[in-house]
Amino acid sequence: MEKTSVVYNGVSVKIYGTADPDKVIISFTDEISAFMKIKRAVIKDKGRLCNGISCMIFRYLAGKGIKTHFIEQLSDTEQLCRKVEVIPIEVIVRNVIAGSMAQRLGLEEGVVLKSPVYDLCFQNDALNDPLINDYHAIALGLADRKELDEIYSVTSEINGYLKEMFEAAGITLVDFKIQFGKLPDGTLVLDDDVTPDSARLWDMATGEKLDKDRFRHDNGKVGDAYRTVYARLEKLLEPCE
Ligand code: C5P
């Protein structure tokens, strides 16, 4: 399928329109960014690894009955997806204390939470996706109560399936960010992607970080970490063609 216009021009992902108005092509680049895109680099092969990881995860979730925008993998770095009306809320799921939660609340990183925490963030790059709550989301017209209830319920299911999947790969799912969109008929679907760029993944045996924190904190071997995640998931799940 031919790419037409650029719909979204991000650092690690570009989205293109296609001749079919209901479909888009998502293309993963080798670029990585952090801290409001101030810190940037190129990690060789990252586009292929993130596309492959997200593709395997979305197929796995679809197999569990989760509705997603994903249609098929087109190439090493590209996937075909349904075009959605994006709900401008980033949903962060936390199973273990880390990152901004540890900083904001003065808590020790690595402590397993008694139950998952769901944070909502208003998707706005210029404001660094600020934290909001249900009241903001409804009052600002980002989603209504029914949609939020469905988002929380599906997010909880997704967290359960992903925790189980990563555990089988010897990886602790510390936290992750997801996003939802609506199909033309109003059906809520998981969109965006799930990769080590948007999830904290720790090796269960060694505690080694296998995600973007390696880049954020200059730990090195970012590509090797992403390759480890890819290889372990590939062993568990069929890679898609
Ligand atoms: O920064 P924070 O600790 O709140 O991030 C929680 C999780 O959400 C991390 O896995 C991070 O990579 C992801 N995240 C993201 N995009 C954002 C904010 C957070 O992928 N804009």
| request: Lys and Arg at +1, Asp and Glu at -1: add these up for the other residues within a Cβ distance under 13 Å of Ser115 and post the number. | output: +3
| remark: Most packed first (mean Cβ within 10 Å per residue), the peptides 199-208, 173-182, 102-111 order as 173-182, 199-208, 102-111
| To the nearest 20 debye, what charge dipole does the chain have about its Cα centre, counting +1 at the Cβ of each Lys and Arg and -1 at the Cβ of each Asp and Glu? | 420 debye
| message | With the cut-off at 1.5 for a/c, could you classify the chain from its C-alpha gyration tensor as rounded, prolate or oblate? | response | rounded
| query | Which of rounded, prolate, oblate describes region 3-82, given a ≥ b ≥ c as roots of the alpha-carbon gyration tensor eigenvalues and a/c under 1.5 marking rounded, otherwise prolate only if a/b is larger than b/c? | reply | oblate
| note | So, over other residues within a Cβ distance under 12 Å of Gly47, counting Lys, Arg +1 and Asp, Glu -1, the net charge is -3
| request: Show me 118-126, 9-17 ranked by packing, highest mean number of other Cβ atoms within 10 Å first. | output: 9-17, 118-126
| said: Once you order the gyration tensor axes a ≥ b ≥ c over the Cα atoms, which shape class does region 85-220 get: rounded for a/c under 1.5, otherwise prolate or oblate by comparing a/b with b/c? | reply: prolate
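A short reminder: the numbers here are calculations on the coordinates, not readings from a lab. This one's a predicted model, so the numbers in the text were calculated from it and none came from an experiment. Glycine gets a Cβ as well: all are built from the backbone with ideal geometry, and neighbour counts include every protein chain shown.
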